[in-house]
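**Student:** My questions all concern the structure below.
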Amino acid sequence: MRLEEKHRARSVCGYAIGFRALVSWLHPNPLLGFRLVCYSPARLSSSQIVQYNARPAMSNQNLSRQNLPSRSLQWASLPPQLTPYLFLLPALLILTLTVFYPALQAFYLSFTQYDFDITQPPRWVGLENFQRLLSDRVFWRTLRNTLIYLIGAVPILVIVPLGLAILVNQKLPGMRWFRAAYYAPVVISMVVAGIAWRWLYAETGLLNQFLRWLHLSDQGLPWLTSPQFALFSVMAVTVWKGLGYYMVIYLAGLQSIPEDLYEAGAIDGSDGWRKHWDITIPLMRPYLFLVAVISAISATKVFEEVFIMTQGGPRNSSKTLVYYVYESAFQDLEISYACTIGLAMFLLILSLSVLRLAVNRRQPTHLF
């Protein structure tokens, strides 16, 4: 038994030495000595400590005799507050290459003419793309469709998942199966969901067959081929797929509310569904704003449903801003104009985020 504990203590010391070597590689400071202390599990009762001198501290005499390299002196002169940023440096480099630099390049291309022949360098045109954007009827139609999508989908995705979360939060048998059933659409790929709903919306699909069975329509409804129904038909898929995701967010908030508050409310006469109005909704207010912002940003960036089900038709009735960016960039090869549309969409999302922060700051921090 003692032999196993000795091996365990050596392994712990080995891991600690390896970690110190990694830190020394990131911050090579020869001026600082250290003593690595490893507590042996076999000797904790007797408070014995196994000490390992990985790099003994240098005295002032040795420091005066040794010629330190300039690189080590530069590292030694760094303040300790910069050490966390050294660990963040790899992630910042990846974000710079994949997010920040493409965003700045797209901002620059929105002021240039860069289309068709992408082998030629961009040509500076100033605000010409923005002037074209203001006079583009298709852009204003897609912006209108995006705002309708936002107004129609977001309230449903904020209110209905809260009711579902309250229902599945009850301590009743079989509630885990209901949670899994409501969350199942979230794990389904949007491609699979879009193809399945396109079959349901077909002329001989299940929905039209159901309408004929109820004698509500002899021919069925043109769900995806009519400008009046196409956008709302696509919106139904987004709502169906997002209910379970936002339900889980609300469920986490509901389970963090103490039961004592409901018991105290029942004593004061707040019972049944009234307790949710008096207790649940005020405490769930941060989650409500979070879901509202997330669903609003997702509604403004909807693309897969439109691409799979309608391709933006008929007559641009279901085309959104993101799909218009895709169409301009990869079908029409108007790269600079697509960057201009993307910049307009970025300003729209930024305004929604700023609005959410402004509203959240006005909310009281202490509700009780």
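**Student:** If R₀ is 35 angstrom, what is the calculated FRET efficiency for the pair residue 160 and residue 199, using the beta carbon separation as r and rounding to 0.05?
**Tutor:** 0.90
**Student:** Give, in nm to one decimal, the length gained when the segment between residue 175 and residue 281 is fully stretched (0.36 nm per residue of separation minus the Cα-Cα distance).
**Tutor:** 36.0 nm
**Student:** While we're here: Under the rule of at least 5 residues apart or a separate chain, name every residue whose amide H is placed under 5 Å from the amide H of residue 113.
**Tutor:** Amide H to amide H, under 5 Å and 5 or more residues apart or across chains, residue 113 pairs with 123, 124, 125.
**Student:** Just add up the charged neighbours of residue 349: K/R +1, D/E -1, any other residue whose Cβ is under 15 Å from the Cβ of residue 349.
**Tutor:** Computed value for this residue: +2.
**Student:** Here is a follow-up. Work the Kirkwood hydrodynamic radius out for region 187-297: mean of 1/r over every pair of different alpha-carbon atoms, inverted, in Å.
**Tutor:** Taking every pair of different Cα atoms in region 187-297, averaging 1/r and inverting gives 17.4 Å.
**Student:** Distance between the C-alpha centers of region 203-282 and region 107-143? Whole Å please.
**Tutor:** After rounding, the separation between the Cα centres reads 41 Å.
**Student:** Convex hull over the Cα atoms of region 83-128, averaged projected area in nm²?
**Tutor:** 4.4 nm²
**Student:** Let me ask another. How far is it, in nm, from the label point at residue 81 to the one at residue 261 when both lie 7 Å from their Cα along the line to the Cβ?
**Tutor:** 3.8 nm
**Student:** Let me ask something else. Could you work out the Rg to Rh ratio of region 268-344, with Rh taken as the Kirkwood radius (inverse of the mean 1/r over all Cα pairs)?
**Tutor:** Expressed as Rg/Rh, it is 1.31.
**Student:** Distance in nm between label sites at residue 123 and residue 357, each 7 Å beyond Cα in the beta-carbon direction?
**Tutor:** 4.0 nm
**Student:** Starting from the alpha-carbon convex hull of region 136-362, give the projected area averaged over all orientations, in nm².
**Tutor:** Over every viewing direction, the Cα hull of region 136-362 projects on average to 15.9 nm².
**Student:** For the residue pair residue 215 and residue 101, what label-to-label distance in nm results when each label sits 7 Å from Cα along the Cα-to-beta-carbon direction?
**Tutor:** 6.9 nm
Computed from the coordinates by the stated procedures, all read-outs in this text should not be read as laboratory data. Note that the structure is predicted; figures quoted are calculated from it, not measured. With ideal geometry, Cβ positions are generated from the backbone for all residues, glycine too; neighbour counts draw on all protein chains shown.
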